[in-house]
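What follows is one structure encoded as structure tokens, with my remarks underneath.
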Amino acid sequence: IMGYVELMMMYDLPAAQQREFMQTISSEGKRLSSLLDDVLDIQRLDNEGMTYHMTYVPLVELVEGVAEQWNMKSAQRIYVHTFNGDFFAYADQNRMVQVLHNLVGNAVKYSPGADRIDVTLWEEEEWLCLDVRDYGIGIAEQEKDMLFNKFYRVDNSDHRQIGGTGIGLYIS
């Protein structure tokens, strides 16, 4: 961010290049803001200071909204499947959206060659179930127990470098 700002201050750049630099500054600023929010959420979770605003949340509507947002920006198409009707959970709607974005975002990130991701909702006895299924590089069986640990990243050295902090699933 600072490099782009300094270039814009030092040189009289053409309008198109200034616009490109400003778009980069904006997207990187949003990324850093999101990262800071995640770090603050971790602090709240660790100190049991997370605040929840509980209400009845329409899960199908939330999942379809998140899928729609990802469909606009990812190469993969997000398909939503529901069984047994409409689902409402007593939850914090903003936190549910955050969790859904984390799960779908990971599916997108770790399946760069795939063309689809399936999100399925169903009810099983007293449980509401959500399955996010990608068709990507996969996770070794011995890694699965660690996935939701803070700062844990699966070793992907044999694949193209995939960025991340290892905090999205911990927050989820």
*Identify the single condition in (1) without any contact (Cβ under 8 Å) to a residue 40 or more places away in the chain; (2) farther than 22 Å from Val39 by Cβ; (3) in a loop (DSSP other than H, G, I, E, B); (4) open to solvent by 40 Å² or more (accessible area, probe 1.4 Å) that Phe148 does not satisfy, given that it satisfies every other one.*
(2)
*Quick one: which of Leu128, Leu121 is open to solvent by 50 Å² or more (accessible area, probe 1.4 Å) and in contact (Cβ under 8 Å) with a residue 60 or more places away in the chain?*
Leu128
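Touching a Phe, Trp or Tyr at 6+ places or on another chain (Cβ under 7 Å), open to solvent by 30 Å² or more (accessible area, probe 1.4 Å) and modelled with pLDDT of 90 or more: does that describe Arg133?
Working: touching a Phe, Trp or Tyr at 6+ places or on another chain (Cβ under 7 Å): no; open to solvent by 30 Å² or more (accessible area, probe 1.4 Å): yes; modelled with pLDDT of 90 or more: yes.
Criteria not met by Arg133.
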*Quick one: which of Leu36, Leu103 is open to solvent by 60 Å² or more (accessible area, probe 1.4 Å) and closer than 19 Å to Gly164 by Cβ?*
Leu36
*Is there any pair with a first residue in region 38-53 that is within 19 Å of Gln93 (Cα to Cα) and among the basic types (Lys, Arg) and a second that is in a loop (DSSP other than H, G, I, E, B) and open to solvent by less than 70 Å² (accessible area, probe 1.4 Å) whose Cβ atoms are under 7 Å apart and which are 6 or more apart or on different chains, and what are they?*
Arg44/Met50
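What is the residue count in region 21-32 for residues that are loosely packed, with under 12 Cβ neighbours inside 10 Å and either among the aliphatic types (A, V, I, L, M) or within 14 Å of the chain's Cα centre (by Cα) (or both)? Talk me through it step by step, then tell me what you get.
Looking only at region 21-32, we keep the residues that are loosely packed, with under 12 Cβ neighbours inside 10 Å, and these are 23, 26-27, 29-32.
Going one step further and asking which of them are either among the aliphatic types (A, V, I, L, M) or within 14 Å of the chain's Cα centre (by Cα) (or both), we end up with 30-32.
Number satisfying all stated conditions: 3.
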_Evaluation of Trp70 against (1) open to solvent by 50 Å² or more (accessible area, probe 1.4 Å); (2) in contact with a helix residue (DSSP H, G or I) (Cβ under 9 Å, 6 or more places away or on another chain) (one fails), failing number_ = (1)
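Considering each of Gln76, Gln98 in turn, give the residue that is in contact (Cβ under 8 Å) with a residue 60 or more places away in the chain, open to solvent by less than 40 Å² (accessible area, probe 1.4 Å) and under 18 Å from Val63 (Cα atoms). Explain how you work it out, then say what you get.
Working: Gln76 fails: in contact (Cβ under 8 Å) with a residue 60 or more places away in the chain.
Of the residues listed, the single one that is in contact (Cβ under 8 Å) with a residue 60 or more places away in the chain, open to solvent by less than 40 Å² (accessible area, probe 1.4 Å) and under 18 Å from Val63 (Cα atoms) is Gln98.
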*Single match in Gln142, Gln161 (criterion: assigned to a helix (DSSP H, G or I) and at pLDDT below 90)*: Gln142
*Within the bounds of region 86-93, is there any residue that is of a type in the set (S, T, N, Q), over 15 Å from Val132 (Cα atoms) and surrounded by fewer than 15 Cβ atoms within 10 Å (Cβ to Cβ)?*
no
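The values are calculated or read from the model by the stated rules, or taken from the named source; none is laboratory data. Predicted model only: the values in this text are computed from it and were never measured. Heads up, the Cβs are rebuilt from the backbone with ideal geometry, glycines too, and the neighbour counts pull from every protein chain shown. Please note that ligands, DNA and RNA were not included when accessible areas were found on the heavy atoms of the full protein model with its side chains. Shrake-Rupley method; radii C 1.70, N 1.55, O 1.52, S 1.80 Å.
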